[in-house]
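Asker: This structure is in structure tokens; I'll ask about it shortly.
The values are calculated or read from the model by the stated rules, or taken from the named source; none is laboratory data. Note that the structure is a prediction, hence the values are computed from the model and not measured. Don't worry about glycine lacking a Cβ; one is built from the backbone with ideal geometry, like all the others, and counts go over all protein chains shown. Accessible surface areas use protein heavy atoms only, side chains included; no ligands, DNA or RNA. Shrake-Rupley method; radii C 1.70, N 1.55, O 1.52, S 1.80 Å.
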Amino acid sequence: MKNVLIFTIIGLLLFGCKPEEKRTDFIINGKAEGVYNGVRAYLKKVEKKGRERIIDTAVVINEKFNFSGKVLYPTLSVIEINSVNGKLKFMLENSSIDITIDKSNLSQSKIEGSASQDDYQKYQEDLQAYRKEVANIRTELRNNRSSHVLTQRDSLMKIASIAEKKYQELPLKFINSHPSSYYSLALIEQESANKNANIEDYIAAFNSLDPELQSSPKGVSLKIALDNLLTTYQKKSRVEIGKIAPNFKGTTPNGTTVSLNEVKGKVTIIDFWAAWCGPCRRENPNVVKIYNTYHNDGLEIIGVSLDGARGQKNPKQAWIDAIAKDNLTWTQVSSLQYFKDPIAELYNINAIPATFILDAEGKIVAKNLRGYALEAKVKELLSQ
């Protein structure tokens, strides 16, 4: 009996000395002064491209509400409350988080207890400061629009340009200076989804993060998304205006092989079309007119047909018949593989008609022009 008592005491001592385990879930304690009983509050997760998904709801009782649960990693989240203006964005992590609601503007609510929230808040403060700086300079420029003091206006424009650049560079600056912050991961996901984002810059920023962050569940999924975005970005960037048009080879209706470089003239149009494409066929008379008018001056066209659609019984014959019927006397090529055509994939073609206008050096100077706009660009380039 004595031995049992001794072991019991030792066990209690060991248990009492055991260090406190790290919290594996979150508790949000909301104080909502002035918000009526029964009003609903929503906890949302911010997903790709800014989409928000409700993950929990709570009811305000005695000016308080609570959320609890678990996240795999600190996650950009949102709280919204019925009848309260705005929304509160914050970093949700597995900790005890106290939120004091600002009923007049939810976004101004006070948050305590989330370490990654401090990083988020710091970024938002810097962002607002840059926005204010840019807005003030723009206001001053508008006020000086009719000013005869040109040197002052030029100086303001230079300052505005510098401020705009600082504003645009802020996300990457923050990420590079916070390599261990989960908000850096959230920021990479958010900014890389923007239409004009340079994906290569955000991949470099991701690679500069701490290895622990890169190998986290969030880091692994983000890396996969970035790699997919890079593939799409590279497809688009190689045929952007200002780039030299990639060379290609294609098969003509009579079976011979011809390349873009063999066809190019002083001005060259790459015309993606198909016999089954109504808008393409309706545009063909205009292209014929432009070709007949300017061919002797140096205009060349190479047509790339995307015939080969599943519904075509004889794609090659349909292609040949359309060429003859529409009087397309310039070079024509096709693999008869519909949108899987290698040239279409090289030029990132997702819809037709699509055109690329090249100058004498083979540089892409315009895209997807039709009608008068196409003729005007051809005429302009030939006159240079």
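Asker: Provide the packing ranking of 336-343, 72-79, i.e. peptides ordered by the mean count of other C-beta atoms within 10 Å per residue, highest first.
Answerer: In decreasing order of mean packing, 336-343, 72-79 become 72-79, 336-343.
Asker: Roughly how many Å² is the accessible area per residue of the chain, as a whole number, for a 1.4 Å probe?
Answerer: 57
Asker: Something else now. Which ³J(HN,Hα) values, rounded to whole Hz and listed in residue order, are derived for segment 259-275 from phi using the Karplus coefficients 6.51, -1.76 and 1.60 in 6.51 cos²θ - 1.76 cosθ + 1.60 with θ = phi - 60°, glycine and proline given as x?
Answerer: Once θ is set to phi - 60°, the couplings for segment 259-275 become 10, 4, 4, 6, 8, 3, x, 5, 10, 10, 10, 9, 10, 8, 8, 6, 4 Hz.
Asker: Given the Cα-Cα distance of N261 and S83 and 0.36 nm per residue of separation, how much length would full extension add, in nm?
Answerer: Numbers: separation 178, 0.36 × 178 = 64.08 nm, distance 6.46 nm.
The span from N261 to S83 would gain 57.6 nm if fully extended.
Asker: 5 Å is the cut-off here: which amide hydrogens, built 1.01 Å from N in the peptide plane, fall below it relative to G69, excluding neighbours closer than 5 in sequence?
Answerer: Long-range HN contacts for G69: F26.
Asker: Continuing with this model, one more query. Based on the mean of other Cβ atoms within 10 Å per residue, sort peptides 189-195, 207-213 so the most packed one is first.
Answerer: Values: 189-195: 15.9, 207-213: 13.7.
The peptides rank, most packed first, as 189-195, 207-213.
Asker: Oh, and also: At a threshold of 8 angstrom on Cα-Cα distance, excluding pairs fewer than six apart, so keeping six or more, what relative contact order does the chain reach in percent?
Answerer: Numbers: 609 pairs, mean separation 42.0, N = 384.
Once normalised by length, the contact order is 11 percent.
Asker: What GluC sites (Glu not before Pro) does segment 31-80 have in DSSP loop regions with at most 10 other beta carbons within 10 Å? Let's see the in-between values first.
Answerer: Numbers: sites: E33, E47, E52, E63, E80; in loops: E33, E47, E63.
Hits after loop and neighbour filter: E33.
Asker: Out of S114, N327, S83, whose Cα points farthest toward the positive end of the dipole of the chain (charges: +1 Lys, Arg; -1 Asp, Glu; placed on Cβ)?
Answerer: Highest projection toward the positive end goes to N327.
Asker: Here's something else I'd like to know. Using the Karplus curve 6.51 cos²θ - 1.76 cosθ + 1.60 with θ = phi - 60°, work out ³J(HN,Hα) for each residue of segment 92-104 in order, rounded to whole Hz, and write x for Gly and Pro.
Answerer: Result, rounded to whole Hz: 8, 9, 6, 7, 8, 10, 9, 10, 9, 6, 9, 5, 6.
Asker: Now, a different point. Step through the table entries K132/K243; K70/K165; K45/K173, compare each Cα-Cα distance with 29 Å, and write down the pairs that go over it. Walk me through the numbers before you get to the answer.
Answerer: Numbers: K132/K243 36 Å; K70/K165 39 Å; K45/K173 25 Å.
Pairs exceeding 29 Å: K132/K243; K70/K165.
Asker: Using helices alone, I'd like the mean residue ellipticity at 222 nm for the chain: each DSSP H run of four-plus residues gives -39500 (n - 2.57), total over residue count, nearest 500. Display every interim value, and only then the final one.
Answerer: Details: 12 runs with 167 residues, N = 384.
The helix contribution divided over the chain gives -14000 deg cm²/dmol.
Asker: Cut-off under 16 Å on the C-alpha distance; same-chain residues fewer than 8 positions from K103 excluded. Which lysines are left, in chain and number order?
Answerer: K31, K64, K87, K89
Asker: Over the chain, with every protein chain in place, what whole percent of the accessible area is carbon and sulfur at 1.4 Å, could you tell me?
Answerer: Details: 11290 of 22000 Å².
The nonpolar share, carbon plus sulfur, comes to 51 percent.
Asker: P(r) tail for segment 61-219, what percent of Cα pairs lie past 22 Å? Please report the intermediate quantities before stating the final value.
Answerer: On the way: 6934 of 12561 pairs.
Summing the P(r) of segment 61-219 above 22 Å gives 55 percent of all pairs.
Asker: Mind checking which lysines have their Cα closer than 24 Å to the Cα of K325? Skip sequence neighbours fewer than 8 apart in that chain.
Answerer: Of all the lysines, those that pass the test against K325 - Cα under 24 Å, at least 8 places apart if same chain - are K289, K313, K316.
Asker: Helix by helix through the chain, keep the DSSP H runs that span 20 Å or more along the axis on Cα and average at least 0.0 on Kyte-Doolittle, and give those back in order. Spell out each step's value before the answer.
Answerer: Details: long enough: 2-17 (23 Å, 2.01); 115-143 (43 Å, -1.62); 150-177 (39 Å, -0.36); 217-237 (30 Å, -0.32); 278-294 (25 Å, -1.08).
Length and hydropathy pass: 2-17.
Asker: Here's another thing I want to ask about it. Give the Debye-formula value of log10 I(q)/I(0) at each listed q (0.06, 0.11, 0.13 Å⁻¹), with one equal scatterer per alpha carbon of the chain, two decimals each.
Answerer: -0.45, -0.97, -1.06
Asker: So, one more: Quick one: of K166/K218; K166/K264; K110/K218; K158/K223, which pairs are farther than 31 Å apart, Cα to Cα?
Answerer: Details: K166/K218 28 Å; K166/K264 42 Å; K110/K218 26 Å; K158/K223 37 Å.
As for pairs spanning more than 31 Å Cα to Cα, those are K166/K264; K158/K223.
Asker: Still on this model: Rank-order 113-120, 277-284 by packing density, defined as the average count of other C-beta atoms within 10 Å over each peptide's residues, highest first. Could you put the intermediate results ahead of the total?
Answerer: Working: 113-120: 19.1, 277-284: 16.4.
Most protected by this proxy first, the peptides run 113-120, 277-284.
Asker: Search the structure for amide H atoms under 5 Å from the amide H of A354, placed 1.01 Å from N in the peptide plane, and list their residues when 5 or more places away or on another chain.
Answerer: HN-HN under 5 Å from A354: F272.
Asker: Net charge within 13 Å of N198 by Cβ-Cβ distance, Lys/Arg positive one each and Asp/Glu negative one each, not counting N198 itself? Spell out each step's value before the answer.
Answerer: Working: positive: K195, K236; negative: E169, E191, E200, D201, E240.
That sum, taken over residues with Cβ under 13 Å, equals -3.
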